[in-house]
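Structure first, commentary second.
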Amino acid sequence: MSERGALRARLDLLAREVAKFGVVGAVGLVVNIAVSNLLWRYTDIPTVRAGLLATFVAILCNYVGFRYWTYRDRDKSGRTRELTLFLLFSAVGAVIETGVLYVATYGFGWNTPVQSNVFKILGIGIATLFRFWSYRTWVFKALPAKDDVVVSAAVSVPAPAPAPAARVEADTARR
């Protein structure tokens, strides 16, 4: 395959991955916003704490979508490691997301329902960039492509040395 064709194939795979990540993320966004608004409206839980609880509900929902749809073809050998890293990077994303809501709510006093939703969504957007990078890089590691395995195996095995050419002289006297 030419370099251009290989690049095109890699970009196509990345586009599909981003689309699937986006679909799962959109479901998580709906879950996150719905749970946040339900908690804000029907409980006395403070704004930021309710937003954080909603984030954790969405994280659990997203794990199922990422593992069994977006990254179903990725390495499944270390589920404990995968889940630990997923929760770790999700927690960092939750800090980013909740940090934006916290600054808006307590730093600027913007805590009407509309303002809370706007800053919740803004925080989710910023955290999503971090999560996409960290999940695909560290959590759901890609298995080596079959072509890469064949190429790397061929590279690691030294090629046999060519046999010395036997010198064949034409015997013109016999002809």
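Coordinate-derived values only; no laboratory data. Quantities reported herein were computed from a predicted structural model and do not represent experimental measurements. Neighbour counts are summed over all protein chains in view; Cβ atoms, including those assigned to glycine, are modelled from backbone coordinates with ideal geometry.
Skipping prolines and chain starts, which residues have an amide H placed within reach, meaning under 5 Å, of the one on ASP75, given they are 5 or more residues away or on another chain?
LYS141, LEU143
In nm, what is the difference between 0.36 nm times the number of residues separating ASP44 and VAL103 and their Cα-Cα distance?
Numbers: separation 59, 0.36 × 59 = 21.24 nm, distance 2.00 nm.
Net length gain for the segment: 19.2 nm.
Determine by what factor the alpha-carbon radius of gyration of segment 77-136 differs from 2.2 N^0.38 Å, reporting the quotient.
Here the answer is 1.33, to two decimals.
Starting from the Cα of LEU60, step 7 Å along the direction of its Cβ; do the same at LEU129; then give the gap between the two resulting points in nm.
3.0
On a full-extension model of 0.36 nm per residue, what is the gain between ARG81 and LEU53, subtracting their alpha-carbon distance, rounded to one decimal in nm?
Working: separation 28, 0.36 × 28 = 10.08 nm, distance 2.37 nm.
Going from the current span to full extension adds 7.7 nm.
Suppose R0 equals 35 Å. What FRET efficiency, 1/(1 + (r/R0)^6) with r the Cβ-Cβ distance, do LEU88 and ALA6 give to the nearest 0.05?
0.60
So for segment 1-65, what percent of the C-alpha to C-alpha distances run longer than 17 Å?
Result: 54 percent of Cα pairs exceed 17 Å.
Over segment 1-151, one equal point on each Cα, no solvent: what is log10 I(q)/I(0) by the Debye formula at q = 0.14 Å⁻¹?
-0.71
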